[in-house]
Amino acid sequence: MNRRKLHPLMHLAGWLVMLFLIGPVVIVLGTSVSDTTYLAFPPKGLTLRWFENVFAQDSFLSTFAISMQVAAGGTLLALMLGLAAAYALARYRTTIPAWYGSVFFLPFFIPEIVFGFSLLKTLIVLFELPVMPSLILGHAILCLPYMVRVIGASLASFDFSIKEAAVSLGMHPVRAFWTIVLPNIRSGMIAGVVLAFITSLNDMAVALFLTGPGISTLPIEVFTYVEQFFDPTVSAVSVLLMAVTTIVMILIERSLGLSQTIK
């Protein structure tokens with residue numbers, strides 16, 4: 001079979017896209033190991049002291065722990081809500097109005113500052129919830145569209161007649177859901193969890209409105225640090241966050257396979 005050769009401009013466009021995507025990562029990596037007291041690229045000398053400075057700052061460690069708790073809690077809550085919503089939209093798509101599914105994607109279209117302020121007025125001012133539950137609930141709402149979209153894509157190709165056949169043969173509907181439906185959409189659930197967790201871990205706009213005295217997240221702490229210092233510590237924090245994201249993706253690749261999670 002003869003393969004059509006790509007036009008040289010297509011090769012050039014591909015390399016430009018790769019440079020556009022990889023360029024910021026290279027700059028962050030370079031500035032994180034620069035042996036200067038300010039952000040500099042190309043790096044002037046090599047050192048790892050800025051990574052040591054990250055672990056020497058108690059504020060970074062404590063806020064990272066809070067960010068992990070908020071991301072885990074928000075992702076878990078978004079998974080439960082998103083799974084129920086996606087299942088209902090897929091199972092009863094002939095009876096549910098078409099516009100109803102668009103409600104779950106509103107956080108995509110509302111500016112994050114407006115979205116965060118709305119959560120502040122609703123969760124903290126109106127319902128007077130504590131800071132930590134407000135953060136978890138706010139991030140769950142922020143991550144909900146990812147869950148509904150990705151899990152809904154997996155459910156779109158699922159044949160619900162299999163579950164109905166199992167129920168007609170005497171299996172309890174709840175057991176049929178756990179043993180038939182969930183295993184078939186596991187890849188979509190894992191992909192949604194990864195997207196939601198990364199989104200929550202790196203969010204600052206929503207957390208900026210919902211944090212309170214003694215409770216802050218790592219992105220906000222980094223933002224506060226930049227206001228006072230201009231050393232490569234912030235680049236080191238960014239590299240560590242990228243490492244956490246990479247580790248999560250590698251675990252998904254090893255356990256399930258990225259080619260399956262995006263189906």
Only unsatisfied item for residue 63, checking (1) among the β-branched types (Val, Ile, Thr); (2) at pLDDT 85 or above; (3) more than 30 Å from residue 137 (Cα to Cα), is (3)
When you look at residue 121, is it in a helix (DSSP H, G or I) and free of Cβ contacts under 8 Å to residues at least 60 places away in the same chain, yes or no? yes
Please indicate, with yes or no, whether at least one residue in the range 44-54 is at pLDDT below 80, over 18 Å from residue 244 (Cβ atoms), open to solvent by less than 70 Å² (accessible area, probe 1.4 Å) and outside any helix (DSSP H, G or I). yes
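I'd like to check something: does the range 90-98 contain any residue that is in a helix (DSSP H, G or I), touching a residue at least 60 places away in the same chain (Cβ under 8 Å), among the hydrophobic types (A, V, I, L, M, F, W, C) and more than 28 Å from residue 242 (Cα to Cα)?
yes
Residue-by-condition table, conditions (1) in a loop (DSSP other than H, G, I, E, B); (2) open to solvent by 20 Å² or more (accessible area, probe 1.4 Å); (3) modelled with pLDDT under 85:
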site: 138; (1), (2), (3): no, no, no
site: 141; (1), (2), (3): no, yes, no
site: 162; (1), (2), (3): no, yes, yes
site: 180; (1), (2), (3): no, yes, yes
site: 199; (1), (2), (3): no, yes, no
site: 209; (1), (2), (3): no, yes, no
site: 221; (1), (2), (3): no, yes, no
site: 227; (1), (2), (3): no, yes, yes
site: 230; (1), (2), (3): yes, yes, yes
Cβ pairs under 7 Å, 6+ apart or interchain, first in the range 23-41 and open to solvent by 80 Å² or more (accessible area, probe 1.4 Å), second in a loop (DSSP other than H, G, I, E, B) and at pLDDT 85 or above, ordered by first then second residue, are none
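The values are calculated or read from the model by the stated rules, or taken from the named source; none is laboratory data. Because the structure is a prediction, the values reported are computed rather than measured. All Cβ positions, glycine included, derive from the backbone under ideal geometry; neighbour counts span all protein chains shown. For accessibility, only protein heavy atoms count, side chains too; no ligands or nucleic acids. Shrake-Rupley method; radii C 1.70, N 1.55, O 1.52, S 1.80 Å.
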